Amino acid sequence: MFVSRLFWNRHYTQKLLDWPGWLDEAVNPVYRGFNRDRHDPDLVAAWKRGETGFPMVDASMRCLRETGWLNFRMRALCASVYFHVLQQPWRIGADHFYRHLIDGDAAINYTQWQSQCGLVGRPGLRLYDPRKQVRDQDPDGEFVTRWVPELDPLPATYLDAPEKTPLSVQREAGVEIGETYPYPVVDYEAARSEFRDRYGAVHGAAAARLADEAIARRASLSGGLGAARSIAADHGDDGEMDGDDRLTQTGLGDFG
Ligand SMILES: Cc1cc2nc3c(=O)[nH]c(=O)nc-3n(C[C@H](O)[C@H](O)[C@H](O)COP(=O)(O)OP(=O)(O)OC[C@H]3O[C@@H](n4cnc5c(N)ncnc54)[C@H](O)[C@@H]3O)c2cc1C
């Protein structure tokens, strides 16, 4: 497994040598500037500080700031919530990671950000559900309460969505959502569906753009140019799936 990951390391290094634009602009021109018109410095600051109201994201962003390290899944989660839910410009998020990651590698970080955000144009948008991540990955709240200690008094059952904690439980625990810990900075369901609509509206054009050999080569899809052509051919299908579902269905779980 370790060796397979070293291949990924070399793969991304070669991609950057092949096209340095990975550091600056979306590899698929259709997605250039996506979310730029929605730039909200307050939302970006809340994400950087770990104060979005989504505990798994907040714990991860505070852990990143304190330790300089996160595992692959939490890196993917924070990138996904930043781009798909807060709908902020990808480069700012990628720069923040690069600045804080102890293993910050320009070739891997910026290409991974583009891949996680869905800026390539291939099927399968990796949308992570931050609440499901708490239930699946941290059911006892060990990670969340380590990095978000203000939530420690709350029973673990409420850590996936603290804002839904009954007032009586909040009072008993001495935690006041909105004071001790923020409400979610955006309405999760509404933001997610709004993003799907916006992304879906241009996905056909983005998939079709992969017929361009130069872009397909840059995107270096597994399966090479053949894969690019078939995606371009059937770009009718938006091929959208949830990040969690994607991992199970396409066996990508073995490296994430
Ligand atoms: C948004 C995002 C940003 C990332 N930024 C970076 C970064 O700046 N630097 C970085 O090294 N990795 C980055 N990764 C990839 C991956 O998360 C880390 O390499 C891995 O988690 C580091 O932990 P490890 O050293 O214990 O890895 P192991 O799992 O022990 O892997 C060993 C080595 O293989 C390489 N490797 C592992 N996974 C990947 C991968 N998916 N892609 C490319 N190489 C990989 C790394 O060099 C790693 O040190 C990023 C992933 C995401 C989703």
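Worth pointing out:
- Residues located in region 51-71, provided they are out of contact with any His (no Cβ under 7 Å at 6 or more places or on another chain) and surrounded by 22 or more Cβ atoms within 10 Å (Cβ to Cβ): Thr52, Phe54, Pro55, Met56, Val57, Asp58, Ala59, Ser60, Met61
- Subset of region 72-87 that is within 6 Å of the ligand (Cβ to nearest atom) and not basic (Lys, Arg) - its residue that is surrounded by the fewest Cβ atoms within 10 Å (Cβ to Cβ): Phe72
- Residue in region 4-21 that is away from the ligand (no atom under 15 Å from the Cβ), among the aromatic types (Phe, Trp, Tyr), modelled with pLDDT of 95 or more and in a loop (DSSP other than H, G, I, E, B) present: no
- Residue check for Arg38: under 27 Å from Ala205 (Cα atoms) and either out of contact with any Phe, Trp or Tyr (no Cβ under 6 Å at 6 or more places or on another chain) or within 16 Å of the ligand (Cβ to nearest atom) (or both): yes
- The residue that is most open to solvent (accessible area, probe 1.4 Å), among those in region 147-175 that are in contact with a helix residue (DSSP H, G or I) (Cβ under 6 Å, 6 or more places away or on another chain) and either acidic (Asp, Glu) or not in a helix (DSSP H, G or I) (or both), is Asp152.
- Candidates Thr157, Thr111, filtered to the one that is of a type in the set (Ser, Thr, Tyr), out of contact with any Ser or Thr (no Cβ under 8 Å at 6 or more places or on another chain) and more than 9 Å from the ligand (Cβ to nearest atom): Thr157
- Count of region 88-106 residues which are closer than 14 Å to Cys78 by Cβ, within 9 Å of the ligand (Cβ to nearest atom) and not hydroxyl-bearing (Ser, Thr, Tyr): 4
- Of the residues in region 127-139, not one is assigned to a helix (DSSP H, G or I), buried (at least 21 other Cβ atoms within 10 Å of the Cβ), without any contact (Cβ under 8 Å) to a residue 24 or more places away in the chain and not hydrophobic (A, V, I, L, M, F, W, C).
- Cβ-Cβ under 8 Å pairs, at least 6 apart or on other chains, region 86-99 side part of a helix (DSSP H, G or I), far side small (Gly, Ala, Ser) and more than 8 Å from the ligand (Cβ to nearest atom): Trp90/Ala26
- Of the criteria (1) within 16 Å of the ligand (Cβ to nearest atom); (2) among the β-branched types (Val, Ile, Thr); (3) surrounded by 17 or more Cβ atoms within 10 Å (Cβ to Cβ), which one Val144 fails: (1)
- Near pairs, Cβ below 6 angstrom, 6+ apart or cross-chain, from region 180-206 (within 25 Å of Leu159 (Cα to Cα)) to any residue that is open to solvent by 30 Å² or more (accessible area, probe 1.4 Å): Thr180/Glu150; Tyr181/Glu150; Pro182/Glu51; Tyr183/Glu163
The values are calculated or read from the model by the stated rules, or taken from the named source; none is laboratory data. Note that this is a predicted model, so its numbers are computed, not measured. Here Cβ is always computed from backbone atoms with ideal geometry, including for glycine, and neighbour counts include all displayed protein chains. Quick note on the areas: whole protein, heavy atoms, side chains included, nothing else; ligands and nucleic acids left out. Shrake-Rupley method; radii C 1.70, N 1.55, O 1.52, S 1.80 Å.
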